[in-house]
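The structure appears below as structure tokens.
Here, each number is a calculation from the coordinates, and none is a lab measurement. Keep in mind it's a predicted model, so treat the numbers as computed, not measured. For neighbour counting, all protein chains shown are included, and Cβ atoms are generated from backbone atoms with ideal geometry for every residue, glycine included.
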Amino acid sequence: MSVKTVLVGCGNMGHAMLAGWLASGQLAASDVLVVEPNEDLRARAAALGVATADSAAGLAVDAQPELVVLAVKPQVIREVTAQYARLGGGPSTFLSIAAGTPISAFETILGTHTPIVRCMPNTPAAIGKGMMVVYANGAVGERPLAAIKALLATSGAVATIDDEDLMDAVTAVSGSGPAYIFHFIECLTAAAIKVGLPEDTARLLAMQTVYGSANLAAESRETPATLRRQVTSPNGTTAAALDVLMGGERLETLVTEAVEAARRRAEELRG
């Protein structure tokens, strides 16, 4: 078997991304090896038609994969990466989706001449609606980077940054961002219940309103600010609500404080 792509770790995110890569035709199942120690997760991966192994020993000694995807938890990423150190400095490009682990950590293990790409995805990637932000070291060529971005695009939108320090801000905005939206849905649901709507109806109204509005904003040529003004009649119901949310820049200030708190924490975790 000629392995072109090795996926190390196949938990929920790794599996979702792999399924998208295969379904899109970006990868052929026959070219993929999944290394996953957990038997149940390994079986789930095998059901997609890919080869599997329970450890790095399952990769042939003479194998030179084009891409090694590291999709394991940050707590074990260095230990796991060390198991593939023999591929460092060769033709293999490494792609990490482990939060908070800088390129320098991988270069220490794999060598500074190893092509390494760091990606911060978010949970909507599991349904192909994610936000993936990538940073590559200087050893990554244009063609491998384009191929990686094409892979990631099957899971959602892809953006590139040129300054790795901005990953802390990325983490605070799109990495942690889904939790902010989920909490807003919770709050809107609770508010709907308090004004008399049945719980099921309140939940549906909150969920569909957020979902529909996000899709409208994404598909419209208008800015979110313009779309907001289009909904807001002078002295109407929406204007009354926005006086509360926007008065004294209340919501903007709160969101900015939340994002800054997340950015600071990401910076602390980075060390």
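Before moving on, here are some points about what is shown:
- Proxy reagent accessibility, fewest Cβ within 10 Å first, across H15, H113: H113, H15
- Distance distribution note for the stretch 134-180: the fraction of Cα pairs above 14 angstrom is 58%.
- Translational D in µm²/s for the stretch 5-167 (Stokes-Einstein at 20 °C, 1.002 mPa s, Kirkwood Rh from C-alpha pairs): 138 µm²/s
- The stretch 113-271 - convex hull of the alpha-carbon atoms, volume per residue in Å³: 148 Å³
- From the alpha carbon centroid of the stretch 1-29 to that of the stretch 128-190 is 18 Å.
- Helix-only arithmetic for the chain: the sum of -39500 (n - 2.57) across DSSP H runs with n ≥ 4, divided by the residue total, places the mean residue ellipticity at 222 nm at -14500 deg cm²/dmol.
- As a rough guide to protection, the peptides 208-219, 178-189 ranked by mean Cβ packing within 10 Å, highest first, stand as 178-189, 208-219.
- Residue exposure proxy: I103, I127, I161, ordered by other Cβ atoms within 10 angstrom of their Cβ from fewest to most, comes out as I127, I161, I103.
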